[in-house]
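Notes to accompany the following structure.
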Amino acid sequence: MAIELSDELIELERRAWQEQQHGALTVDTASAVQASITAHAAATGQNRYEVEKALKAAVRHPEPDE
């Protein structure tokens, strides 16, 4: 079963990843990502760990456009 990710969740993780890359990740941003992952997993009935894993992979290692 493929993990479904919302555009909003992906954008929030992208922002957090950019902050992390620049050494500027804030507690507020990190907390917002974690809370969003938890809420998304609960709302969609998906495993929270699997949602986070898929989200990080999608943002940090995107598949090339075909």
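The values are calculated or read from the model by the stated rules, or taken from the named source; none is laboratory data. Given the structure is predicted, the values throughout are model-derived calculations rather than measurements. No Cβ is skipped: glycine too gets one built from the backbone with ideal geometry, and neighbour counts run over all protein chains shown. Accessible surface is based on the protein model in full, side chains and every heavy atom, while ligands, DNA and RNA are left aside. Shrake-Rupley method; radii C 1.70, N 1.55, O 1.52, S 1.80 Å.
Here are the numbers for the structure shown:
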{"read-out": "Selection count, the range 18-33, where residues are open to solvent by 70 Å² or more (accessible area, probe 1.4 Å) and either part of a helix (DSSP H, G or I) or in contact with a helix residue (DSSP H, G or I) (Cβ under 6 Å, 6 or more places away or on another chain) (or both)", "value": "6"}
{"read-out": "Count of the range 35-50 residues which are assigned to a helix (DSSP H, G or I), of a type in the set (S, T, N, Q) and surrounded by 14 or more Cβ atoms within 10 Å (Cβ to Cβ)", "value": "1"}
{"read-out": "Residue list for the range 51-66, filter: open to solvent by 60 Å² or more (accessible area, probe 1.4 Å) and of a type in the set (D, E, K, R)", "value": "53, 60, 63, 65, 66"}
{"read-out": "Condition check for residue 2: at pLDDT below 95 and either under 14 Å from residue 55 (Cα atoms) or exposed (fewer than 13 other Cβ atoms within 10 Å of the Cβ) (or both)", "value": "yes"}
{"read-out": "All positions within the range 5-17 that are part of a helix (DSSP H, G or I) and not β-branched (Val, Ile, Thr)", "value": "7, 8, 9, 11, 12, 13, 14, 15, 16, 17"}
{"read-out": "Residue count for the range 43-66, restricted to those that are in contact (Cβ under 8 Å) with a residue 24 or more places away in the chain and closer than 18 Å to residue 15 by Cβ", "value": "7"}
